[in-house]
Amino acid sequence: MDTTTRRHVRDTRSGQGWTTCVLSVGLGLLAGCLLPQDDTLLDEPPRFMNRSPRIIESLVLPQERIIQDFGASRCELTFEVAVEDPDVDDRIKVHWFIDYSPQDPRGPYREIALTNNGEARRPDRGTLRINLASANSVLSTPGQHLVEALVSDAELTDRQPESQVVNLPDGGSIIDPGFVISYSWVVTTVQGDCR
């Protein structure tokens, strides 16, 4: 290798070293600088999105979901659901439907609003009592019947929960969904001695 080539290689190496050194110092200074932060304060904490209530299955009555021979040995049934909701301020309703048909939609047979005690588990239960000895008992017709408990934290329209539009402080909005969950029993009523 001749002298000019050696000098050129040495000059190129020292140029790269200088560039690397300048970049390293610049990055070090940049990392040490404090970046300005947004100092906008929230007027209130952001609202949590709605969460679904839950039916506590170990506390449901009756525990068997298929009830045979109703009216033969027993004339009364009590249906109960116990509910918990992590959103303790939600208004929880239990909507009882009996033999609901989408072809002939009707409202609930009965609605029960559960007491709000400020805790996730509601203190009372959605209860429906059916007695075959009472006049016009809803399960008195022999055959199969479907008994449903729909638990909702929103108003229902055609058994579907309504959502709410929530306006945000920045002028935008979000859809906060409502929820509905269900539990059902199949009851077979037979002709018996209940009347």
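The values are calculated or read from the model by the stated rules, or taken from the named source; none is laboratory data. Just so we're clear, the structure is a prediction, and the values are computed from it rather than from any experiment. Using ideal geometry, Cβ is built from the backbone for each residue, glycine included, and neighbour counts are taken over all protein chains shown. Remember, those area values only see protein heavy atoms, side chains included, never the ligands or the DNA or RNA. Shrake-Rupley method; radii C 1.70, N 1.55, O 1.52, S 1.80 Å.
Being open to solvent by less than 40 Å² (accessible area, probe 1.4 Å) and of a type in the set (Lys, Arg) holds for only one residue in Arg129, Arg122, and it is Arg122. Taking first residues from segment 54-83 that are closer than 14 Å to Arg122 by Cα and partners that are polar (S, T, N, Q), the Cβ contacts under 6 Å between residues at least 6 apart in sequence or on separate chains come to Glu80/Thr127.
Among the residues here, Ser152 does not qualify as open to solvent by 20 Å² or more (accessible area, probe 1.4 Å), modelled with pLDDT of 95 or more and under 19 Å from Val81 (Cβ atoms).
Only residues that are touching a strand residue (DSSP E or B) at 6+ places or on another chain (Cβ under 6 Å) and surrounded by fewer than 20 Cβ atoms within 10 Å (Cβ to Cβ) were counted across segment 79-91, and they come to 2.
Being at pLDDT below 95 and among the acidic types (Asp, Glu) narrows it down to one residue among Glu64, Glu44, Glu84; which is it?
Details: Glu64 fails: at pLDDT below 95; Glu84 fails: at pLDDT below 95.
Being at pLDDT below 95 and among the acidic types (Asp, Glu) holds for just one of Glu64, Glu44, Glu84, which is Glu44.
Checked against (1) under 14 Å from Ser184 (Cα atoms); (2) without any contact (Cβ under 8 Å) to a residue 60 or more places away in the chain; (3) surrounded by 13 or more Cβ atoms within 10 Å (Cβ to Cβ); (4) over 26 Å from the mean Cα position of the chain (by Cα), Ile98 passes all but a single condition, namely (4).
Remark: pairs (first residue in segment 111-128, on the phi < 0 side of the Ramachandran plot; second residue among the polar types (S, T, N, Q) and open to solvent by 50 Å² or more (accessible area, probe 1.4 Å); Cβ separation under 8 Å; 6+ apart in sequence or on different chains) = Arg122/Thr115; Arg122/Asn116; Pro123/Thr115; Pro123/Asn117; Asp124/Thr115.
Would it be correct to say that Glu76 is open to solvent by 70 Å² or more (accessible area, probe 1.4 Å), at pLDDT 90 or above and of a type outside the set (S, T, N, Q)?
On the way: open to solvent by 70 Å² or more (accessible area, probe 1.4 Å): yes; at pLDDT 90 or above: yes; of a type outside the set (S, T, N, Q): yes.
The answer is yes for Glu76.
Residues being among the acidic types (Asp, Glu) and open to solvent by less than 70 Å² (accessible area, probe 1.4 Å) are represented in segment 168-184 by at least one member.
Every condition in (1) surrounded by 14 or more Cβ atoms within 10 Å (Cβ to Cβ); (2) among the hydroxyl-bearing types (Ser, Thr, Tyr); (3) under 30 Å from Met49 (Cα atoms) holds for Ser137 except the one numbered (3).
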